Amino acid sequence: MSEMNQEVSVNEVKEDRVAGKEILRMVNVSKHFAQVVANKDVNLTVVEGEVHALLGENGAGKSTLMNVLYGLYAPSAGEVYYKGEKVEIHSPGQAINLGIGMVHQHFMLIPALSAIENVVLGYEGNGTVLDLKAAAKTFSDMSKQYGMAIDPWMRVEQLSVGQQQRLEILKALYRDAELLILDEPTAVLTPQEVENLFDIIRQLTKEGKTIIFISHKLNEIMTICDRCTVLRNGRVAAEGLPVKDIKNANQLAELMVGQTVNLKTDKSVAKPGEVVLQVKNVSALNDRKLQALNDVSFEIRAGEILGVAGVDGNGQSELVKVLTGLIPASEGQVRISGVDCINKSPKQILEHGVSHIPEDRQKMGMIAAMNLRENICLMEYDRMPYSGKGGLLRWSWIDEHSRELCSKYQVRTPGVQELAGNLSGGNQQKLVVGRELDREPKLLIAVHPSRGLDIGATKYIQSRIVEERDRGAAVLLVSTELDEVMDLSDRIIVLYEGEIMGTIEQKDADRNALGLLMAGIKNNEAQAG
Amino acid sequence: MKHSLSTKVTNFVRNLYYPIVAIVASLLLGSLVIIATSTTSPIDAYRSLFVGAFGGLRQFDETLLKAIPFIFTALSFAMAKRCGIINLGAEGQFAIGALMGTIVGVSFPNLPLYLHLPLTLIAGFLGGALFGLIPAVLKVQFGASELITTIMLNYIAKELISYFVNGPIMDSASSSYPQSAPIPETARLGRLIPGMRVHWGLVLALLAVLFYYVYLWKTKGGYELRVVGLNPHAGSYAGMNIKRSIIRSMIFAGGFAGLGGCIEIIAVQGRLMMTSFAVSYGFTGIAVALLGSNNPVGIVVAGLLFGGLQNGALKMQAMTTASSSVVLVVQALVILFVAGRLMFRLRTGRYLKQRTLAIPPVAMDERGEQR
Amino acid sequence: MQGITSFLQATLRLATPTLLASLGIVFSERAGIVNIGTEGMMLIGALAGVMGSYYTGSVILGTLIAMLVTVLFVSIFGFFTVIIKADQTVIGTGMNILAAGLTITANRAVFGASTSPPSIDVFDSWRIPLLADIPVIGPALFNQPIPVYLAFLFVPIAGFIMFRTNTGLKLRAVGENPRACDTVGISVTKVRFLAVLYSGVLAGFAGAFVSMGQMSFFTEGIISGGGFMAVAAVVFGNYTPRGVMFSSLVFGAAYALMPRIQAASMGIPGQFILMLPYLITIIALCLVIRRSNRPTSSAVPYIKE
């Protein structure tokens, strides 16, 4: 078949798909958690062989809906029809038997086991005694068929993120999945890896598989999907919209958010001052004693934002941990306002006016089982005016201060005695951001500051970070959201396998150039700018 | 104002719900054991137990006396738990505190009371603290789980006691019986109220509880311990020294238990013997701490309750055919039902979703323990 | 030579309770359950065995009864930890106290407070012909009570189950990432509960061997830390059956050494010699390597969303 013919046939198929046979219909599905409504009367119809986008903001209820379909949650109301028959799916096992496969946003793999062990885990065709060799052969044949070669005997912890994702897809195919749910599949990939994934998706649909593609990224949906269902606040905002009828991304954005949105954060030109953070030839090992940072050097001046782009796991965490004293550097120098800060204790580093919005607020940034005021005094509890003579905490002052801080940073809460764990994700993040900015840092380290937040909270936190810059703070912004890095940063460095691949001024930044660097390909043109 | 009062009342009732249900369920199941192993009806058995524990001033006096060591060992477990450490070694820390107190008590018979008594108490505290320090150091230095090391140290403590009462501090006057010489008057804690057996140890126990409260909730050091206990990652993020916090909490934990052991010898038993620790002080302390949700007031109330159980059990055994060991069963069941309290959850649904979704398991466990 | 033979023989025999119990809990540990209630399980097994043997007149039946009773007992632990998802350590501690209370009460009720223990059928040594005639090691290895042979024979079988079978894979996966198991249709609750029940079978056996193989009666302090050592043996043995055998032998050797040091009368007080197994256990825990097979989700209850 010549290339020309192939293209034509793909187009024909695409036409057919929209009109094709229905594989899945969800009717008026609702899901409540206690009083919180995650899905309300959602309708979704998916046609065999199509790529159907499920679009929505963080918290719009996309994953919840798919977890209902996959049998992880029981729906509060509604019906599900699969291949025309009404089904009640109570467990993932049932979903798998029906031919539904799901690749979760956080991979459901077991790092300590080999790839093939992960594939056969829970597979109903296994004998009492495992025949891994036979399974590996079937698996290898299949992976070749779809062009996703993976060594079945590798332990999953040794696989790259992209390989792990392919393993997840193969795991579903091994169970004869016909309908494949991909939950935010591109979140952890470089732009080039995304292209690769799209190729795989095209291959899969050619083989007759159906894909539900969950995303909040508009461009991706325009590229790969046939039809699109938009969720907003748990309800359907648009159902089964053919993607070819959509004029531009802004139209989708409006459906998703419900109002016209300015996708860009306003920002004036930076007025850099003196050097605040100086990092010279820093190397470090990760907790598995592997080289995580290799000879990293950069500077940040007062009043500028340095963005760190890169795919998750390329040394960003280790860089931040070295800067904040949480792990030692094996080599190099770090100076904050001219003071040597390499391998000092976190306490000593905090003394130099460093604030840190950590990557995982639940795990690190707050104590869910403590109340708000106890969370607010976390960083400064051991000094005036939080505590006074004799090591006693001054709760009345902390109370008052906490109330001020909550109103200043728009933390919505019944009171400062409320447990932090009871706040919504956005309010939790505002709490952490408020606490850190309130310290008026000279150096602000912000890691994934908007991860998991809705657009409103994201915009708020991003503008606060820009305000900090304008106040004269040096800001290190680490994010895997390329748009966020490109919007906020004055300069961008790209980390790949612990090395800086290049530095780009904001005005020269474009997705392609950054994407190549993120994939570890040094492009002279990209650097020249 | 009125509103906040009513919330306080509902909160108070809510906090009492689980402990009360746990006790009732434990007594009910315990009655099955009584039926199976004796000819006494559970009602008669429990009645004599209750009368023996709270039936009159004399009985209550005895209950108070029995509660004192439990309050100390409960504080020991609770202090460590607040910092995320499971201290199963209060048993051994209690014994070593008793041993050190006894050694100081019998070694300086000529000291005046105002020196001798404080020295004895300090020795008891330090003995327990040292014995609490060992598993803490092993944990932070070698990663040895405190679950096993603390228990192993309990057995080691038992052998140490045996060694000392058979050797170095064996009473030369009482021929070959393995026990220490009696504690001299200068190192003894006197009675609190004339005519009653309850002694100044009760005041010390309440002071220890007060210290526990003030330290954990009013001071920087205590705040650090609680942060580390609830979320060590947040602790190191905020620049706290996790290892030092763990060591500090175990020094206090061991010290509390040691002080309790010392007081038990110098106020009640009068000399150290092989049988001084026939009652399982350390493990009863765990039940007390759990039932009291590691709260200061809760520990005092639960301590009294278990003191009563201990006291009433002897009465029950004397008056009926039910074995006093039934109390051990009830105590174990209280632990199970308090730890597994969610099985009694009422379907109020309050914040249930957010909590199960948002709070990691460590924190969830602490849910009931918030003030 | 005679000394070596008897030392080896004692080591194997004294290692057996630890080995049996830890071959059970190594599976529940792999599934993510930390059971410090093992001490209590063995205590229950020890008494149930003695009672079973007393009433049936057969040590075999007594052992089977011990296993059955212990399984019933450990199902309480399973209920609280796997289904209610309570803190495993606290429940384990509660189970130990419960076992103490139940065994004391039942023992008093059945045998009274008499000082002379009832005579019961116990495990005798079973000499394997020919093999037992090998010099030095023959009498040590092949003249043992049957449970000793069974325990050591079970080591490779347990290894096979853990690493070669479908069940073993599920078990290991559940301890590492229960949510992932859930998404491929494995019931985490079922796997964990069954692993706990299974650990009860072997802990009951271990307890019965203590009371009817090493001794011939029950006392309240009969286990005195053996269950905790079994837990330590799993950690020290890096969560594999073979490793567990190694650590059990170390602890068994510590026990076997005690009377021999005493006999050598080097002036060490007896109490310090009695500390030996406990000290060795602590040292073993300190020597555990950091990068181990410890399941990622160890002691973490799995709460379905």
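See the values below:
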item	result
Tail fraction, Cα-Cα pairs, the stretch C:263-303, threshold 15 Å, whole percent	65
Spherically averaged projected area of the stretch B:223-302 from its Cα convex hull (nm²)	6.5
Globularity index of the stretch C:214-263, i.e. its alpha-carbon radius of gyration over 2.2 N^0.38 Å	1.31
Directionally averaged projected area (convex hull, Cα atoms, the stretch A:113-176), nm²	4.0
Average silhouette area of the protein assembly as shown, convex hull of alpha-carbon atoms, in square nanometres	53.2
Neighbouring partner chain Cβ atoms per residue of B:150-162, average, 10 Å criterion	6
Normalised convex hull volume, the stretch B:48-126, alpha-carbon set, Å³ per residue	140
Most positive-pole-ward Cα, A:Phe198, B:Val203, C:Thr105, against dipole of the protein assembly as shown from beta carbon charges	B:Val203
Chain C: DSSP helices with Cα axial extent of at least 24 Å and average Kyte-Doolittle hydropathy no lower than 0.0	C:2-30, C:38-56, C:59-78, C:88-111, C:146-164, C:188-209, C:241-264
Among the listed pairs A:Lys289/A:Lys344; A:Lys137/A:Lys171; A:Lys321/A:Lys408; A:Lys321/A:Lys347; A:Lys321/A:Lys507; A:Lys442/B:Lys243, those beyond 18 Å (Cα-Cα)	A:Lys289/A:Lys344; A:Lys321/A:Lys408; A:Lys321/A:Lys507; A:Lys442/B:Lys243
Residue (of A:Ala270, B:Thr120, A:Tyr381) at the positive-pole extreme of the protein assembly as shown, dipole from beta-carbon charges	B:Thr120
The stretch A:49-92-the stretch B:81-106 distance, computed between alpha-carbon centres (Å)	57
Degrees separating the helix A:455-471 axis from the principal Cα axis of chain A, which is the longest one	30
Rounded if a/c under 1.5, otherwise prolate or oblate - the stretch B:145-215, Cα gyration tensor axes	oblate
Alpha-carbon Debye profile of chain A, log10 I(q)/I(0) at 0.06, 0.08, 0.09, 0.13 Å⁻¹	-0.33, -0.58, -0.74, -1.40
Listed peptides C:255-268, A:468-481, C:213-226, A:340-353 by packing density, highest first (mean Cβ within 10 Å)	A:468-481, C:213-226, A:340-353, C:255-268
FRET efficiency, B:Arg47 to C:Leu68 (Cβ-Cβ, R0 51 Å, nearest 0.05)	0.90
Scattering curve values for the stretch C:1-91, log₁₀ I(q)/I(0), Debye with Cα scatterers, q = 0.18, 0.25 Å⁻¹	-0.87, -1.19
Relative packing of C:7-18, B:67-78, B:334-345, C:227-238, which averages over residues the other C-beta atoms within 10 Å, highest first	B:67-78, C:227-238, C:7-18, B:334-345
Angle in degrees between helix A:425-437 and the longest Cα principal axis of chain A, rounded to the nearest 10	20
DSSP bridge pairs, the protein assembly as shown: antiparallel proportion in percent, nearest 5	60
Inter-label distance for B:Phe54 and C:Leu287, nm, one decimal - labels placed 7 Å from Cα along Cα-to-Cβ	5.3
Inter-label distance, nm, simple model (7 Å from Cα along the C-beta direction), B:Leu32/C:Val136	5.6
Counting DSSP beta bridges with both ends in chain A, the antiparallel % (nearest 5)	55
Too-long pairs where the Cα-Cα distance tops 25 Å, listed order kept, from A:Lys430/B:Lys139; B:Lys8/B:Lys218; A:Lys363/A:Lys430; A:Lys40/A:Lys83; A:Lys21/A:Lys62; A:Lys86/C:Lys170	A:Lys430/B:Lys139; A:Lys86/C:Lys170
Selected from A:Ser297, A:Ile398, A:Pro358, residue furthest toward positive end of dipole (the stretch A:273-405; charges at beta carbon)	A:Ile398
Between 0 and 90°, nearest 10: helix A:161-174 axis offset from chain A longest Cα axis	30
Förster-model FRET efficiency, 51 Å R0, A:Glu88 and B:Arg191, C-beta, rounded to 0.05	0.10
Karplus-derived 3J(HN,Hα), 6.51/-1.76/1.60, for each residue of the stretch B:98-105, Hz, glycine and proline x	4, 5, 5, x, 5, 4, 5, x
Dimensionless Rg ratio for chain C, taking C-alpha atoms and the 2.2 N^0.38 Å reference	1.00
Inter-chain shielding of C:105-111 (mean C-beta neighbours from other protein chains, 10 Å cut-off)	5
Estimated translational D of the stretch B:1-52 in µm²/s (Stokes, Kirkwood radius over Cα pairs; 37 °C; 0.692 mPa s)	247
Cα-based equivalent ellipsoid, the stretch A:407-529: semi-axes from gyration tensor eigenvalues, Å	32, 15, 12
Of every Cα-Cα pair in the stretch A:257-357, the percent that sits beyond 22 Å	37
Sequence ranges C:195-202, C:149-156, B:316-323, ranked by mean other-Cβ count within 10 angstrom, highest first	C:195-202, B:316-323, C:149-156
Shielding by partners - mean other protein chain Cβ count within 10 Å, residues of A:107-119	4
Shape call, chain B: gyration tensor on alpha carbons, a/c limit 1.5	oblate
By accessible area with a 1.4 Å probe, ligands and nucleic acids excluded, highest first: order of A:Glu239, A:Glu374	A:Glu239, A:Glu374
Label-point gap, in nm, between B:Val137 and A:Arg155 - each point 7 angstrom along Cα→Cβ	3.4
Nearest-0.05 FRET efficiency for B:Ala278 and B:Asn241, computed from C-beta distance (R0 51 Å)	0.80
Prolate/oblate/rounded call for the stretch C:2-49, Cα gyration tensor, a/c under 1.5 rounded	oblate
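The values are calculated or read from the model by the stated rules, or taken from the named source; none is laboratory data. This structure is a prediction, so every number in the text was calculated from the model and none was measured. As a convention, Cβ positions derive from the backbone with ideal geometry for all residues, glycine included, and neighbour counts pool all protein chains shown. SASA here: full protein model, heavy atoms, side chains in, ligands and nucleic acids out. Shrake-Rupley method; radii C 1.70, N 1.55, O 1.52, S 1.80 Å.
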